[in-house]
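Before any comments, here is the structure.
The values are calculated or read from the model by the stated rules, or taken from the named source; none is laboratory data. Computed from a predicted model, the values in this text were never measured in an experiment. Glycine gets a Cβ as well: all are built from the backbone with ideal geometry, and neighbour counts include every protein chain shown. Accessible surface is based on the protein model in full, side chains and every heavy atom, while ligands, DNA and RNA are left aside. Shrake-Rupley method; radii C 1.70, N 1.55, O 1.52, S 1.80 Å.
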Amino acid sequence: LIPAEAMPESGTPASRIADAAASSGNLPWIEKYRPKQLDDLMSHRDIVSTIQRFLSEGRLPHLLFYGPAGVGKTSTILAIAGQIYSKREFPTMVLDLNASDERGIGVVRNEILTFASTRTVFSAGFKLVILDEADAMTKDAQNALRRIMEKFTANVRFCLVCNYLSKIIPALQSRCTRFRFAPLPSDSVAARVRDIAVAEGANLDEAGCRALVRLSGGDMRRALNILQSTALAFPAGVDEAAVYACVGHPSPADIRRVLQHLMNEEAPAAHAAIRELCADRGVALLDVVTELHELLGRVDFPVSVRAHFYIRLADIEERLCAGATDRLQLSALIGAAMEARELLLMEKEKLDREAGQ
Ligand SMILES: Nc1ncnc2c1ncn2[C@@H]1O[C@H](COP(=O)(O)OP(=O)(O)OP(=O)(O)O)[C@@H](O)[C@H]1O
Ligand SMILES: [Mg+2]
């Protein structure tokens, strides 16, 4: 039993996390911990406060949310809808269409038009049409929406949600107030992940949390999915090694070892060692190359060596993406390292000469 004083104060985001943990046991954590209220959303403070102002003045415009995956766009509009409408009103006042629904012109002409054109008899105020993943709508469907949006503004507000703004026709963009949802900052992801790990009893340590944040790239959905699968696969604790092993991504320690092999061993030994490491960890050479690029930025190499590595790594990455085999491209990586070693020697001789003069 948790002592009463350790329980989060009721009505706070922390208490809602605790409530969610106690209920809906077998839902994936991304749904179980989907923010229910605008206050529960991490980050995006400016967007939330602007929308709260619109709502309190009763002047909500048509909205367009865009930004990368897993940063809270769908959660925000669902929380807004939850704030405007009671549970009873929700089914009649909100039309929520997402990518799993048909997105052609037929939907606009039938479902959306019917919903928008029927007046609400028992409730005052406007209805809400949520078009999630609106970038999947055909151009024809978007064009057909232009007129409906204008004609029924008194009765209906639209919220378009998408990843790629460029896929929304300019005419629709100009009818909406746009909000860009940026990738979530590291501290927001870390804070949420820590709270959820505590609520779920997952033993997450600091290095594990840093690894989650890093792999998430600001995508909270990804962070929570990795946390859940790692907690399942490694019940003893979610640490750095467990997180990287679970996603099949090389850990920083693995990459340091790869660089050691590359810079210190002869070609056949380095080839064998790196192949073994990739097989053992189940990681792809492409991920090794991308992470190596990160690490090289932090190693104190002379400019010429670093430039040489960058150019070679870019070539190898391109070939791997085009479908070249790992085996040959690993040899190319080793070849690049051998050249880098020559360059390093030359740099050192140059320095020695300059010192001797
Ligand atoms: N800002 C946030 N604060 C707290 N949790 C978040 C936030 N953003 C995302 N999440 C978590 O990630 C899950 C997915 O978020 P959401 O569906 O809102 O993403 P999205 O921006 O709509 O992504 P997509 O573009 O892929 O549809 C949520 O259920 C929630 O658990
Ligand atoms: Mg979404």
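One table, with the values for the structure above:
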| read-out | value |
| --- | --- |
| Residues located in the range 8-62, provided they are in contact (Cβ under 8 Å) with a residue 40 or more places away in the chain, outside any helix (DSSP H, G or I) and under 14 Å from A79 (Cα atoms) | Y33, R34, P35, K36, Q37, M42, H44 |
| From the options V258, V238, residue that is touching a strand residue (DSSP E or B) at 6+ places or on another chain (Cβ under 7 Å) and not aromatic (F, W, Y) | V238 |
| The range 145-197: number of residues that are free of Cβ contacts under 8 Å to residues at least 40 places away in the same chain, open to solvent by less than 40 Å² (accessible area, probe 1.4 Å) and closer than 27 Å to L227 by Cβ | 2 |
| Residue match in the range 293-311 (condition: farther than 30 Å from L351 by Cβ and surrounded by 12 or more Cβ atoms within 10 Å (Cβ to Cβ)) | no |
| Selection count, the range 47-60, where residues are surrounded by 14 or more Cβ atoms within 10 Å (Cβ to Cβ) and over 15 Å from F181 (Cα atoms) | 4 |
| Given (1) closer than 23 Å to T12 by Cβ; (2) of a type outside the set (K, R); (3) near ligand 1 (Cβ under 7 Å from one of its atoms); (4) surrounded by fewer than 22 Cβ atoms within 10 Å (Cβ to Cβ), index of the condition H44 fails | (4) |
| Test set (1) closer than 27 Å to E31 by Cα; (2) more than 16 Å from ligand 1 (Cβ to nearest atom); (3) surrounded by 14 or more Cβ atoms within 10 Å (Cβ to Cβ) - K87 fails condition number | (3) |
| Condition check for L345: in a helix (DSSP H, G or I), of a type outside the set (K, R) and open to solvent by 90 Å² or more (accessible area, probe 1.4 Å) | yes |
| Single residue of the range 64-74 satisfying the filter (crowded, with 23+ Cβ neighbours inside 10 Å and farther than 18 Å from G217 by Cβ) that is nearest to ligand 2 (Cβ to nearest atom) | F65 |
